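Notes follow the structure.
Readers should treat all values here as calculations from the given coordinates under stated rules, not as data from a laboratory. Worth saying up front: this structure is predicted, and the values here are computed from it rather than measured. Here the Cβ positions follow ideal geometry from the backbone for every residue, glycine too, while neighbour counts run over all protein chains shown.
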Amino acid sequence: KSMIIQFPDAAHGQDSQDGASPAHWAALFGHMEVLQALADEGVRLDATIESSGMQPIHWAATHGHTDIVRFLLEKGCDVDATDIKRTTALVIAAQYDHSVLVFFLAKHRADITKLDDCNDSALHWAAYKGNQQTAALLHYLGLPADAADAYGSTPLHLAASRNAPHVIEYLIDEHTDKPEQLVGLKDNKGRTALDIAKERGHNLAAR
């Protein structure tokens, strides 16, 4: 913080490696005091890294810093800001199993239905990462378990590909109408989730 006061021009700079701003680093490591000092200096808290399109809110989401995200939103940052892969902070929070942050973002009107550049939802990512708690939350909030991405993969296909039995069990159990219909869905290569589990030697997922 004292460095910012002494050298205010540095607060508006970028690092040479990936073009991240001081606000990105403060958000990543959860340094609220530094972020506040940057805001006081008029630093843009929605600065975008050219190569990735990521803003500080995306970096904060990787570590689940709900307090930082709240601060950024209070300062006018877009809750649905996307990077070059059309990934939102909510999707990143789902990838890293930060269910508290996912809930916070949804409560603050984040669009949970936004899809990335492969048409994957936050639920697809939670399932792929084996994050059962976050997957359950997203499904409860309304994301469908039978939605297909650009490859025809449902969250169940992705959970099977990564051998995430708890997610698989949850998705099937919660598809109360016709669980056999969910299990029978095929991706663009004609594979069911069970086919993928067997193909990859995931015996546990195939049971």
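Observations, loosely collected:
- Förster radius 35 Å - calculated FRET efficiency between LEU141 and ARG44, Cβ distance, rounded to 0.05: 0.70
- For the pair ARG70 and ILE84, label points projected 7 Å from Cα toward Cβ lie 3.4 nm apart.
- Reachable lysines, given that their alpha-carbon falls under 19 Å from the alpha-carbon of LYS198 and they are not under 8 places away in the same chain: LYS129, LYS186, LYS189
- Translational diffusion coefficient (Stokes-Einstein; Kirkwood radius from C-alpha pairs) of region 68-111 at 10 °C, 1.306 mPa s, in µm²/s: 151
- Residue ranges 36-44, 131-139 sort as 131-139, 36-44 when ordered by packing (mean number of other C-beta atoms within 10 Å per residue, highest first).
- Under Karplus coefficients 6.51, -1.76 and 1.60, residue-wise ³J(HN,Hα) of region 189-196 in Hz, glycine/proline x: 9, x, 9, 7, 4, 5, 4, 5
- Most mobile listed residue (SER161, SER121, SER52) in the chain, GNM with C-alpha springs under 10 Å: SER52
- Pairs of alpha carbons in region 134-179 whose separation is greater than 12 Å (percent): 59
- Percent of alpha-carbon pairs separated by more than 20 Å within region 67-171: 33
- Modelled label reach - HIS166, point 7 Å along Cα→Cβ, region 108-139 residues with backbone N closer than 13 Å: 127, 129-137
- Compactness index (Cα Rg / 2.2 N^0.38 Å), the chain: 1.16
- Highest-fluctuation residue, ALA89, ALA20, ALA150 considered, GNM on the chain with Cα pairs under 10 Å: ALA150
- With R₀ fixed at 45 Å, the C-beta to C-beta distance from CYS118 to MET32 puts the FRET efficiency at about 0.85.
- Placing +1 on the Cβ of every Lys and Arg and -1 on the Cβ of every Asp and Glu, with no other charges, gives the chain a dipole of roughly 520 debye about its Cα centre.
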